[in-house]
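Single-structure report; data block below.
No lab work stands behind these numbers, since they all come straight from the coordinates. Keep in mind that this is a model prediction, so the values were computed, not measured. Glycine gets a Cβ as well: all are built from the backbone with ideal geometry, and neighbour counts include every protein chain shown.
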Amino acid sequence: MKQKVWKRWAVLLTVAVSMVGCVPAALVVGATAGGAVLYDKRSMKSMMSDHKADRQLRDTLNRDEELSKSASINVTVYNGIALLVGEAKTEEVKLRASQDVRELPYIKRVYNEVTITSKISGWRKVGDAWLLSKVKMHMLAKPGLQSTNMKVVVNNAAVYLMGSVSHKQATMAANLVRQVSGVKKVVKVFAYE
């Protein structure tokens, strides 16, 4: 019993100490996320439309009882392009999510990257959040990379890059992200200028 308590404290202490290093990263990422609005190439109308579509897609998928029971799907919209990531129990459930998304008027294209598998663990989600912050920090630090024009989504160690960029910027971003430790796969979901 005493050993269990000791192990819990050791884990808690390790997490607390490791989180201290996250504070500056969180401030930089948070400041960048706010600053990204200043540098985003999309019009205000386009940004608002994406935000509205994103919210409506989440609501639509959450209202679908079959999807709620059989899948864990995250939605991201950028420039009218919807990206679906997550897990579904069957191919039919995956396709149903795409159909639900295609019904919204402001969605131009749908990329359904949902995998057929059981839901990922909470620890994997924490790992994805950590990986997302590492990827964003690498992108911010890369000279010449216009990372504020890109949206980054991470699911099960796969990194999805979205945005409206040149082929050169897309290649630079993808090559950089592939080098980040922990990244299993990089998927480009760009609209090219």
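A simple charge model with +1 on the Cβ of Lys and Arg, -1 on the Cβ of Asp and Glu and nothing else charged puts the dipole of region 42-119 at about 320 debye relative to its Cα centre. For Thr115, the residues whose modelled amide H falls within less than 5 Å of its own, excluding neighbours fewer than 5 places apart on the same chain, are Gly86, Glu87, Ala88.
Among beta bridges from DSSP that stay inside region 42-119, the antiparallel ones total about 55%.
For the pair Ser121 and Lys185, what calculated FRET efficiency results from E = 1/(1 + (r/R0)^6), where r is the Cβ-Cβ distance and R0 = 25 Å, to the nearest 0.05?
Numbers: r = 18 Å, r/R0 = 0.74.
For Lys185 and Ser121, the calculated efficiency is 0.85.
Using alpha carbons only, the radius of gyration of region 42-119 set against its Kirkwood radius gives Rg/Rh = 0.98.
With neighbour counts taken as other beta-carbon atoms within 10 Å, the residues Tyr78, Tyr192, Tyr111, Tyr160 rank, fewest first, as Tyr192, Tyr111, Tyr160, Tyr78. Sorted on the mean count of surrounding Cβ atoms within 10 Å across their residues, most packed first, peptides 121-130, 146-155, 170-179 read 146-155, 170-179, 121-130.
Give me the number: length gained by fully extending Lys108 to Ala157, i.e. 0.36 nm times residue separation minus the C-alpha to C-alpha distance, one decimal in nm. Walk me through the numbers on the way to the answer.
Values: separation 49, 0.36 × 49 = 17.64 nm, distance 2.66 nm.
Difference between extended and current length: 15.0 nm.
Among 59-70, 87-98, sorting by the average number of other beta carbon atoms lying within 10 angstrom of each residue, highest first, gives 87-98, 59-70. Please name which of Ala191, Val159, Val126 has its Cα lying farthest along the dipole of region 112-193 towards the positive end, using unit charges on Cβ (Lys, Arg +1; Asp, Glu -1) and the Cα centre as origin. Farthest along the dipole direction, towards plus: Val126. A simple rule links phi to the HN-Hα coupling: the Karplus curve 6.51 cos²θ - 1.76 cosθ + 1.60 with θ = phi - 60°, which for region 126-138 gives 5, x, 5, 5, 5, 4, 4, 5, 5, 4, 4, 5, 4 Hz, with x for Gly and Pro. Determine the shape class of region 41-193: with a ≥ b ≥ c the square roots of the Cα gyration tensor eigenvalues, call it rounded for a/c under 1.5, and otherwise prolate if a/b is greater than b/c, oblate otherwise. Here region 41-193 falls in the oblate category.
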